[in-house]
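> Once you've had a glance at the structure underneath, I'll fire off some questions.
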Amino acid sequence: MNAKVHILLIEDEKSSCSYITALLGKTGYHITTAATGREGLSLAASLCPDLILLDLMLPDLNGLAVLRQLRSWSHIPVVIVSVCDEEQEKVEALDLGADDYVTKPFYPNELKARIRTALRHSHHHTPGQIYEALNLRIDLDKRTTYLNGQQIHLTQIEYQLLSLLAENAGRVLTYNTILRRIWGPYAEENNQILRVNMANIRRKIEKNPACPQYLFTEVGVGYRMRENENG
Amino acid sequence: MHNKPLHSLQHPDHSNQHRLFAALGIAAAAGAVTGALASRLINRKPSQNPLFAALGTAASGSAAGVLASRLIYQKPKKAAPKPIEEEDLEKIRDSLMRIIFHDLRTPLSGIMGNSLLYLEGSKTLDDTEKLQLVTHIHKDSSWLLNIVENLPAIARIRDMEHGFCTRVEIVEEVLGETVHKMETRHPDFKIHVAIPEEILLLPMDALLIEQVLINLLENALLHSGGCEPVDIIVEDGEDFATFIVRDYGQGIPENMLGHLFDSSRLADETWDSRKKTGIGLLICKAVISAHRGTITARNHSLGAEFIFTLPKKAR
């Protein structure tokens, strides 16, 4: 298995293209670029890349339209790379099926981490049965949580929330996604109950809830759990 | 297309005069297209107002930004102790626009100059010199990013006045994201955060409050040299919650203390350190005022602290 991971970059800005290509080329990825949405869609179909980096401002199609079309036939992981920092746009892209989101300008490590996480979650591979990071360990089979080796007690909802985030460690989950997964399809739009539960979990696992090490907030978007070191 | 805020702001099709002024300020900053755009704007609205015509002339001049702000704004009123009214917010916002677009030029010209030097001297420069040029480019672009990140805040302040955008937020989430962003940008920068034990909920526009905290923290980093950690302390009160950003640096010179949040000081060319402290604090003031809170600055025995309050009940 020495085939390089193949990434399709759909982006029309030349300087962004050359920066991302150089950055990821050095990391060992093989990159193909498309300068328009249509070209991107056709290359996605013909090349079947392992991952797509998608800019939202394209000369022909809106990036969200590209994403919508892509998602009608493909599960290829998509990471959005956009200059827009509006939370509604992030939420829209994520709820349309994007795997993650990076705002330009970004730090090299940020993009690499998002790509790594999206690839890891894509390969039909069942999430590791153990989540482990720093001093936190969650056994997803036995449904137990340990902090510094001490078992901690979570309510049922708290455990469901924490394990959902742990299974998706490293990637952002929107409020909507979490509400639907935990409270079911008819969950209320209001995310207050979710957020209060998160605040309670933080009080149980974080040393300082205002400087979290495990559960990161993306205000207006959702939550992201620290990457799993065990897998 | 809501790409590139600059472009949309530059669009000459603004209806009211305030926005026109703002657009002119931008035209001045944009440099190359200044003359053309300014005259187009003026032709469109023939000088109903002598001030406006004067501004047109100013816009084609070189010191446009500074001159423009002097022309439009007369002597500042004393800052009122009560939360400022909408009219004042409008004023603050307009002067912010002008200042920002004027200030964009400084890091931008650094980037252009240094990169040109690099390109022209690619054969004659030695490695150390090249490294130095690229380091300057990198620093200037970070500075530019700081300015640009304040731009969406101005639009959001407008929405706030109409009562949009405030949601009940969990304070620790807003602090957590802010601290995370700062630590990503400045890996060596240490921030201590102390919050009340109880979950504290406040109505706010979280992104605006984050921007306030980021501006105060960037400021603290700049003036304390980043050696000592900076404290963020949140205290719950009956009607208001209080946020304190405390640094352990050189403190604020006495003569500046009274004018930190005063937009008139930006027209004052003798305000020499304004380069990097200008807009950040004015944005803070505008944001906190739009939330009906207060913001003040003072020195303590080991440095400076900024204190702002937010009401616990939405309007």
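> Under 6 Å by Cβ, and 6 or more places apart or on different chains, what pairs join a residue from region A:59-74 that is in the same structural domain as A:Glu92 (by TED's automatic domain parsing) with one that is open to solvent by 90 Å² or more (accessible area, probe 1.4 Å) and in a helix (DSSP H, G or I)?
Listed by first residue and then by second, the contacts come to A:Asp60/A:Arg38.
> Sticking with this one: Which of the following residues is without any contact (Cβ under 8 Å) to a residue 24 or more places away in the chain, within 11 Å of chain A (Cβ to nearest Cβ), farther than 19 Å from B:Asn299 by Cα and out of contact with any Pro (no Cβ under 8 Å at 6 or more places or on another chain): B:Glu197, B:Glu210?
B:Glu197
> If I ask for residues that are more than 8 Å from chain A (Cβ to nearest Cβ) and among the hydrophobic types (A, V, I, L, M, F, W, C), which ones from region B:148-170 would you list?
B:Val148, B:Leu151, B:Ala153, B:Ile154, B:Ala155, B:Ile157, B:Met160, B:Phe164, B:Cys165
> Could I ask something else about it? When A:Asn62 is evaluated against the numbered criteria (1) of a type outside the set (Val, Ile, Thr); (2) buried (at least 16 other Cβ atoms within 10 Å of the Cβ); (3) farther than 23 Å from A:Ala166 by Cβ, which criterion, by number, is the only one it fails?
Here A:Asn62 clears every test but (2).
> What is the number of the single condition among (1) of a type outside the set (Phe, Trp, Tyr); (2) out of contact with any helix residue (DSSP H, G or I) (no Cβ under 9 Å at 6 or more places or on another chain); (3) on the phi > 0 side of the Ramachandran plot that A:Gly220 does not meet?
For A:Gly220, the failing item is (2).
> Next up: So A:Lys112 ticks every box in (1) touching a strand residue (DSSP E or B) at 6+ places or on another chain (Cβ under 8 Å); (2) under 27 Å from A:Tyr19 (Cβ atoms) but one. Which box is left unticked?
(1)
> Within region B:242-263, count every residue that is of a type in the set (Ser, Thr, Tyr) and assigned to a loop (DSSP other than H, G, I, E, B).
The qualifying residues number 1.
> Take the conditions in contact with a Cys (Cβ under 7 Å, 6 or more places away or on another chain), within 19 Å of A:Val102 (Cβ to Cβ) and crowded, with 16+ Cβ neighbours inside 10 Å and apply them to A:Thr33. Does it pass?
yes
> Assess whether A:Tyr159 counts as being at pLDDT below 95 and on the phi < 0 side of the Ramachandran plot.
Here the answer is no, as A:Tyr159 does not meet what is asked.
> If you don't mind, another one. I need the full set of residues from region A:67-114 which are touching a Pro at 6+ places or on another chain (Cβ under 9 Å) and either within 14 Å of another protein chain (Cβ to nearest Cβ) or on the phi > 0 side of the Ramachandran plot (or both), in order please.
Those that are touching a Pro at 6+ places or on another chain (Cβ under 9 Å) and either within 14 Å of another protein chain (Cβ to nearest Cβ) or on the phi > 0 side of the Ramachandran plot (or both): A:Val83, A:Asp85, A:Glu86.
> Just checking, how many residues over region B:171-194 are β-branched (Val, Ile, Thr), at the interface with chain A (Cβ under 8 Å from one of its Cβ atoms) and within 20 Å of the chain's Cα centre (by Cα)?
Going through region B:171-194 one residue at a time, the tally reaches 2.
> Only one of (1) modelled with pLDDT under 95; (2) touching an Asp or Glu at 6+ places or on another chain (Cβ under 8 Å); (3) not basic (Lys, Arg) fails for A:Leu194. Which number is that?
Against the list (1) modelled with pLDDT under 95; (2) touching an Asp or Glu at 6+ places or on another chain (Cβ under 8 Å); (3) not basic (Lys, Arg), A:Leu194 comes up short only on (2).
> Further question: Restricting attention to strands (runs of 3 or more DSSP E) lying wholly within region A:142-231, give those where 1 or more residues are open to solvent by 10 Å² or more (accessible area, probe 1.4 Å) and of a type in the set (A, V, I, L, M).
Correct list: A:144-147, A:172-174.
The values are calculated or read from the model by the stated rules, or taken from the named source; none is laboratory data. Everything numeric in this text was worked out from a predicted model, so none of it was measured. Methodologically, a virtual Cβ is constructed for each residue, glycine included, from the backbone with ideal geometry; neighbour enumeration extends over all protein chains shown. Ligands, DNA and RNA are excluded from the accessible area calculation, which covers all protein heavy atoms including side chains. Shrake-Rupley method; radii C 1.70, N 1.55, O 1.52, S 1.80 Å.
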